[in-house]
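Worksheet: the structure to be examined is printed underneath.
The values are calculated or read from the model by the stated rules, or taken from the named source; none is laboratory data. Just so you know, these numbers come straight off a predicted model, no measurement behind them. Here the Cβ positions follow ideal geometry from the backbone for every residue, glycine too, while neighbour counts run over all protein chains shown.
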Amino acid sequence: MKTIRSTTILCVRKGEQVAIGGDGQVTMQVTVAKHDAVKVRKLEGFGAGKAGVLVGFAGAAADAFSLLERFEEKLKVSPENIKKAAVELAKLWRTDRMLRRLESLIIVADRSTTLIISGTGDVIEPHEGVAGIGSGGNFATAAARALLAHSDLSPAAIVKSAMGIAAELCIYTNDRLTMLEL
């Protein structure tokens, strides 16, 4: 999977509880262009029990919005099966000439499933329900796994703490967090 050097998105699940958070920093090469971007969304009326699907993206914003639109189209066909929608998006992303050039990674999660989707055709269900993408994704994932294993914190509290750690370590990540929960 390609490393996106522009943001951090982290998703943590405990049973049917799931939280996703994204930092607010937008960079253009070596310049911070914005501090409070929103890189996570909730798609209503989809997912397990139609409670919603949380989506976070790292990479070029226009590319990510294009992919989110196509993911939502795939969800309309299978509203309670995000795995099927994710596989269909990955196939389209990999085979469509224009989509193939898009530079983004996506995390999607509902009450039962968390997935990372990439343009190389990867649809990955992460170990232990923790998924991180973007330049600070590995820092946030490591911190979240430790907190998950050694604390009784909620998924939202874990996301907040782990994203704070990533913001201290990754120059492309800030501490202005947007977080959503199911």
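Key figures for this structure:
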quantity	calculated
Every residue from the stretch 107-153 that is under 21 Å from Gly15 (Cα atoms) and of a type in the set (Gly, Ala, Ser)	Ala109, Ser112, Gly129, Ala131, Gly132, Ala140, Ala142, Ala143, Ala144, Ala146, Ala149, Ser151
Complete set of residues in the stretch 147-159 that are outside any helix (DSSP H, G or I) and farther than 18 Å from Thr114 by Cα	Ser151, Asp152, Leu153
Residue within the stretch 25-34 that is farther than 22 Å from Glu125 by Cα, surrounded by fewer than 16 Cβ atoms within 10 Å (Cβ to Cβ), β-branched (Val, Ile, Thr) and within 15 Å of the chain's Cα centre (by Cα) present	no
Criterion: more than 16 Å from Leu68 (Cα to Cα) and out of contact with any Pro (no Cβ under 9 Å at 6 or more places or on another chain) - qualifying residue of Ser104, Ser112	Ser112
Residue identified as in contact with a helix residue (DSSP H, G or I) (Cβ under 8 Å, 6 or more places away or on another chain), of a type in the set (A, V, I, L, M, F, W, C) and in contact (Cβ under 8 Å) with a residue 40 or more places away in the chain among Ala37, Ala64, Ala19	Ala19
Exclusive hit being small (Gly, Ala, Ser), modelled with pLDDT of 90 or more, within 13 Å of the chain's Cα centre (by Cα) and part of a helix (DSSP H, G or I), set Ala166, Ala162, Ala144, Ala140	Ala140
Qualifying position, being free of Cβ contacts under 8 Å to residues at least 40 places away in the same chain and either in a loop (DSSP other than H, G, I, E, B) or among the hydrophobic types (A, V, I, L, M, F, W, C) (or both), among Glu128, Glu88, Glu69, Glu80	Glu80
Residue match in the stretch 142-156 (condition: within 25 Å of Gln29 (Cβ to Cβ) and not acidic (Asp, Glu))	no
Residue that is surrounded by the most Cβ atoms within 10 Å (Cβ to Cβ) [pool: residues in the stretch 67-99 that are among the small types (Gly, Ala, Ser) and in contact with a helix residue (DSSP H, G or I) (Cβ under 9 Å, 6 or more places away or on another chain)]	Ala85
